[in-house]
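This report refers to the structure that appears directly beneath it.
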Amino acid sequence: MTKRVAGSGRRGTLAILGDLLRLVRLDRDSHRVIVESATPLPDDFRVDVQRDLARLYGEGLDTSFEINPRLIGGMRIRVGSYVYDASVRAKLAALEARL
C-alpha cells in the first residue's frame, strides 16, 4: 500500500508517509513502559506499578522492568517520551545543580 502511495507521483506523498510513520512510532512508544530500579522489585510491587500505570495511561501497556544500579535507589519510569525520575541519582544531580 505504501509503495503504491509513494509511487503515485502526487506531490507531498513522501512527506505525508513520513508524518504517518512518525505518528505510528509515537503511538507505539506511548504504550511502551520501562520501569528501572536499582534493585529487583518485589512481584506484588510490580503488579501495583502496572495497575497504577494502566489506570493513568489505559490498558494495553507493554511494561518491562529493568535493573539499573546507577540509580542508587528509587525508580525511573519511562512512558513513551515522558520520564518520571524519582531515583536517588536524579535527586543528587538536582542537589548538585543547586549548589
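Bear in mind that the values in this text are calculations on the coordinates, not laboratory data. Computed from a prediction, not measured in an experiment: that's the story for all the values here. Neighbour counts are summed over all protein chains in view; Cβ atoms, including those assigned to glycine, are modelled from backbone coordinates with ideal geometry.
Brief remarks on what is shown
- Taken about its Cα centre, the chain carries a charge dipole of about 680 debye when Lys and Arg each add +1 at the Cβ and Asp and Glu each add -1 at the Cβ.
- Cα long-axis angle, helix 88-98 against the chain (0 to 90 degrees, to the nearest 10): 90
- Cα-based helix-to-principal-axis angle, 13-30 vs the chain, degrees rounded to 10: 20
- Rounded, prolate or oblate (a/c below 1.5 giving rounded, otherwise prolate when a/b exceeds b/c) for region 41-85 by Cα gyration tensor: oblate
- Normalised contact order of region 58-97, rounded percent, pairs of Cα under 8 Å and 6 or more residues apart: 31
- A value for Cα Rg over 2.2 N^0.38 Å was derived from the coordinates, and within the list [x] 1.05; [y] 1.09; [z] 1.53 it appears as [z].
- For Gly74, the residues whose amide H sits under 5 Å from its own are Ala38, Val88, ignoring neighbours fewer than 5 places away on the same chain, with H placed 1.01 Å from N.
- For region 24-99, the antiparallel share of DSSP beta bridges with both residues in that region comes to about 60%.
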